[in-house]
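The values are calculated or read from the model by the stated rules, or taken from the named source; none is laboratory data. The structure displayed is predicted, hence computed values, not measured ones. Positions of Cβ are backbone-derived with ideal geometry, glycine not excepted, and every protein chain shown enters the neighbour counts.
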Amino acid sequence: MNRRGFTLVEVLIAGALFMAGLACFGYLLRVAKDYVVKLENSSRRLYESRSEMEKLRRLPFDQLLLAGGTKIIILSSDLCLVQTGKLYTLRSKYQ
């Protein structure tokens with residue numbers, strides 16, 4: 001018997017495998033997109049925190065307590081811990 005082409009069963013199995021692969025690829029694209037969005041948000045927050053830290057670096061030591069939106073812990077009369085977002089820095093009166 002001269003067989004040319006594929007049987008219906010072979011075509012159905014190949015189609016099912018192709019669809020399963022396509023579904024996996026779609027899932028991976030969605031997961032990758034979610035990670036990209038998370039990284040963009042994290043990068044933006046880091047940039048904002050760094051910007052706030054730079055503003056605080058320009059302030060004289062005596063005016064640090066007047067800066068709003070930051071957590072400042074006085075460690076001694078000439079040293080304090082400054083927190084902005086997830087960034088921490090030590091600030092000395094004697095830069």
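Summary of values
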{"item": "Answer from Tyr88, Tyr94 - the residue that is free of Cβ contacts under 8 Å to residues at least 24 places away in the same chain, over 14 Å from the mean Cα position of the chain (by Cα) and in a loop (DSSP other than H, G, I, E, B)", "result": "Tyr94"}
{"item": "Residue list for the stretch 1-52, filter: exposed (fewer than 10 other Cβ atoms within 10 Å of the Cβ) and either at pLDDT below 90 or in contact with a Lys or Arg (Cβ under 7 Å, 6 or more places away or on another chain) (or both)", "result": "Met1, Asn2, Arg3, Arg4, Gly5"}
{"item": "Residue check for Ser77: in contact (Cβ under 8 Å) with a residue 12 or more places away in the chain and of a type outside the set (Val, Ile, Thr)", "result": "yes"}
{"item": "Meets criteria (touching a residue at least 24 places away in the same chain (Cβ under 8 Å), among the acidic types (Asp, Glu), in a helix (DSSP H, G or I) and under 17 Å from Tyr88 (Cα atoms)) for Glu54", "result": "no"}
